[in-house]
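Heads up: the structure comes next, in structure tokens.
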Amino acid sequence: MTTALHTVPGMGYKKNAPVPRAAANTGLEKVACRTKCGEVELKITLTPKFLVKPLREALVEPFLKVHNKRAAAPVGWEEILCIQIDGITLPEGAASETASENLLIREEVRVELLTVVPPTLLDAFVAVARDAGEVTQENYRNPPPPPMTHKLIEIATAAGNVDGDSPPDADTLRRATNAFEAISGGGAAVSGARTRMALLTDQYVRELCFPESSAHTTVISDKIARMAVSAAEPGTVEAAEFTRFFAALTAAACAPPAAGEEEVTPMSAKKKKEQGGAEGFLQQLLEDDSVTARRIH
């Protein structure tokens with residue numbers, strides 16, 4: 001069965017563009033960082049003395065010194081391709097150039113150092129499509145977007161995995177070409193990190209990719225923010241790969257609103273019996289010696 005692709009001509013997107021993670025000083029006196037690379041995980045608490053330093057100096061390099069004593073193979077700074085804080089990928093250069101206090105926005109955060117990232121932009125997107133941010137005391141009034149639905153992932157994957165016999169439609173191809181030229185500056189290739197940030201913060205690129213009326217832009221943007229892309233590699237994303245990725249995002253953004261609602265699979269009679277159902281629950285109560293109950297006829 002072939003999934004129908006959804007396209008909307010005359011795209012534009014102006015509202016609710018996400019803000020880069022590096023924002024204002026949060027004023028936290030200390031931050032506990034659960035830092036992980038491979039199988040090694042440590043809890044390192046940063047005090048004000050270290051929060052004013054870049055994350056590389058304050059956290060990453062001290063962690064790697066301990067990591068390399070415990071891990072089977074040592075890891076150097078140059079081998080760290082991607083850094084994520086609470087699942088969100090840091091902008092290129094942020095760990096070396098931005099004060100830690102502007103990147104760590106909670107009293108306890110998860111920091112993951114990745115030495116391997118997915119081979120393509122679409123692979124990186126699909127890998128985190130089902131991820132969602134943690135609901136915390138700080139964000140429960142405005143919780144993070146939910147996972148992408150299976151339907152939206154199916155639509156995006158089908159649009160992005162086209163071959164030469166089934167290229168994107170002319171309008172999508174035109175917009176992808178314009179977006180790629182804007183990101184690459186007319187070059188033949190661009191880095192995954194720069195592509196990711198442009199899709200999050202560049203108004204022109206976002207207007208080309210997302211329709212103003214899309215019901216899915218927020219959740220798609222959240223997954224772009226979670227993509228693991230290499231900040232160490234130069235331009236490796238060529239126009240063909242970018243176009244497939246752009247087509248995938250556009251198709252998902254243009255999907256009907258109902259595609260953003262997770263389908264509930266009806267429970268089979270056999271499954272209901274296995275899980276007990278209402279009758280099974282009552283029977284469990286009657287058979288439980290710790291519960292005082294009697295059957296009424």
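Nothing in this text is a laboratory measurement; each read-out follows from the coordinates by a stated rule. These figures come from a predicted structure and were not determined experimentally. Glycine also receives a Cβ, built like all others from the backbone with ideal geometry; neighbour counts cover every protein chain displayed.
Quick look at the values:
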{"read-out": "Contour excess over end-to-end distance, with Cα ends at E107 and W77 and 0.36 nm allotted per residue", "value": "8.3 nm"}
{"read-out": "³J(HN,Hα), Karplus 6.51/-1.76/1.60, whole Hz, each residue of segment 187-202, x for Gly, Pro", "value": "x, 7, 8, 9, 7, x, 5, 5, 4, 4, 5, 5, 6, 8, 10, 7"}
{"read-out": "Residues T47, T120, T89, T172 arranged by fewest to most Cβ contacts within 10 Å", "value": "T47, T120, T172, T89"}
{"read-out": "Residue-count net charge about T47 - beta-carbon cut-off 9 Å; Lys, Arg +1, Asp, Glu -1", "value": "+1"}
{"read-out": "From phi via Karplus (6.51, -1.76, 1.60), per-residue ³J(HN,Hα) for segment 248-261 in Hz, x at Gly/Pro", "value": "5, 5, 4, 4, 5, 5, 8, 5, x, x, 4, 5, x, 9"}
{"read-out": "J(HN,Hα) series, segment 227-239, from Karplus relation 6.51 cos²θ - 1.76 cosθ + 1.60, nearest Hz, glycine and proline x", "value": "4, 8, 10, 6, 8, 8, 7, x, x, 10, 8, 8, 4"}
{"read-out": "For segment 67-99 and segment 112-185, distance of Cα centres in Å", "value": "22 Å"}
{"read-out": "Computed label-point distance, nm, for sites Y204 and E41 using a 7 Å Cα→Cβ extension", "value": "4.4 nm"}
{"read-out": "Net charge over other residues, Cβ less than 12 angstrom from the Cβ of V205 (K, R count +1; D, E count -1)", "value": "+1"}
{"read-out": "Interchain or long-range residues, amide H under 5 Å from D131's placed H", "value": "M148"}
{"read-out": "Local electrostatic count, G133, Cβ distance below 9 Å [Lys/Arg +1, Asp/Glu -1]", "value": "-3"}
{"read-out": "Neighbour-count order for V162, V60, fewest beta carbons within 10 angstrom listed first", "value": "V162, V60"}
{"read-out": "Quarter of Cα convex hull surface for segment 28-116, i.e. mean projection, nm²", "value": "5.1 nm²"}
{"read-out": "Neighbour-count order for I80, I44, fewest beta carbons within 10 angstrom listed first", "value": "I44, I80"}
